[in-house]
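Below is one structure, written out as structure tokens; comments come after it.
Nothing in this text is a laboratory measurement; each read-out follows from the coordinates by a stated rule. Please read these numbers as outputs of a predicted model, since none were measured by experiment.
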Amino acid sequence: MSATPRRFSFASQLVVFWLLVAVMCALLIGLVWFMAQANIGRQIGLARQQGLAGCETIGSRYDMSIDRAPESQPAPSTNPPTSSPTNPPTIAPTRPPATPQTTAATPNTDLMHAILDVVLAQMDGVEGGFWRPAGAARGTFDAYAFPTYQGSGIKRDIPDAETPLILRTLRAATARRAAASEFVEGQQDAVIVTACPVPHREGLFAWTLSRVHPPLGPSGKALVTTLAVLLAVIVGIAIALGVLLRRWRTNLARVEANLSQPADSFTPIAPTGEPDLDKIVHAFNAYGARAMSLQQQAGELHTQLAAAERFAAIGRFAAQLAHEIRNPIGAMRLKAENALNGDAERQQRALGAILEQIQRVERQLSGLLALTQPVRVDAHAVALRAWLADRIEWHRDAAARAGVSLELDIASGLPERAAFDAEQLARAIDNLILNALRHTPSGGHVTLRAAHSAATLRIEVADTGKGVASAERERIFEPFVTGHASGSGLGLAVVREIAAAHGGSAFYEARERGACFVIEIPWRTS
């Protein structure tokens, strides 16, 4: 059989191709960024020069027009005269020699609009106006015009979106007492605002606003050619990568088909010729052979372990049951032997003791039967506070005989009704309260608490006894594990089964003093 031709690993081929793609993309992005920055920078510079020239023209013409036409005279017409860029219109003759600087009186807005209309009509896409820092918090916009606006007529409302930039530029000009220019560059265009003080008019400023949409510029053709070449290279790389991926995917599909075979049978996979895939194939073949061997051994061990666990469980159960029944039987035998040799009164006492021990054995067997039978929950709406109070009253006499105070603590906001099996849960609570009374010394306290969250009903039985030793906490819910001589060791096991049947859990919660057993079940109202 001929040897499979050696190729570079798929990972190496993929890295080489993606490095080429990354370099091409980086060059493409760098070239576009350079051209965009060069164009936008040049356009912004030209727009700032144009805006400054327009701003100064507006201010000087207003100054000269005010000197020629006093504020009280009628304002000139707002319709701009016919003119051309090479022959701009003239509003007023050349200003006479400079006079002392004066403070601007009430501005002539009609004259301002006329000057704005005439000057800005020669500057396509440029808008502007007059502004004074006095007046409102943002100053006063006395006039505004956008003669070349691509709408119906001359635009007279100041653009809200650019107002912050306009105000920032005007305040900068106010602080400097000289012309100022600011710009904001966005994704689609750049907005340039220029502001300058009106000559000889204290507190009056003119401003212009223009937008720059940077084209590709004179380098556009070279840029397009370069982009076309780079894109062609990228397409070629993508085609080659697609062919490589298709071949690799074909071999991978064959491996996947072999891997989808049933788990109980194993067939080695033939090599594909791809170095990376063949590593996986060889590893899988070795793993499959080892797994089949281990599976066979695991089956034998499982059978042996199941048998051993079954016998061990039977042995533990038999030992525990024998221990629990032997003590009552031994006590009954001793009482019976003493009664045979005693008088009638002694025989009566012995018979009573024997009956008591028989009842103890019956309780053990009843508890054992309860564990072997599944707990069936019949949930229904229960008056929760009244049900908790009944549980306290049910054990009030037993607590009094033990010299222990029994209290009910209901959390604030506990709803009146909840849904659960009242009989089964009462059985669990009774077991916990009886267990607490047995382990609480005279003068102690046993508290039944109830609280709820959005999803859980929590019931606690806490006492002030000596608590549960840390070594025994993991086993206290197992059958026949008890810390009291008269206990059966089945009560807590029954509590756990009832909580689990409700979809919840029962557990011991460590406290600094005493013991606390908790039942948590899902909160339901119906």
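Taking H placed 1.01 Å from N in the peptide plane, check which residues at least 5 places from residue 146 or on another chain put their amide H under 5 Å from its amide H.
The answer is 155.
Between residue 417 and residues 5 or more places away or on another chain, which pairs have amide H atoms under 5 Å apart, with H built 1.01 Å from N, and which residues are they?
384
Excluding residues fewer than 8 places away in the same chain, name every one of the aspartates and glutamates whose C-alpha is closer than 19 Å to that of residue 335.
324, 343, 345, 356, 362
In Å, what Kirkwood hydrodynamic radius results for the range 395-526 from the alpha-carbon pair distances?
Mean inverse Cα-Cα distance, inverted, gives 15.1 Å.
Enumerate the calculated ³J(HN,Hα) couplings along the range 440-445 in order (Karplus 6.51 cos²θ - 1.76 cosθ + 1.60, θ = phi - 60°), each rounded to whole Hz, writing x wherever the residue is Gly or Pro.
Per residue, the Karplus-derived 3J(HN,Hα) values read 9, x, 4, x, x, 9 Hz.
Leaving out same-chain residues fewer than 8 places away, which aspartates and glutamates sit with a Cα under 14 Å from that of residue 155?
117, 124, 127
Amide H to amide H under 5 Å from residue 203: which residues, 5+ apart in sequence or cross-chain, H placed 1.01 Å off N in plane?
For residue 203, whose amide H was placed from the backbone, there are no distant partners under 5 Å.
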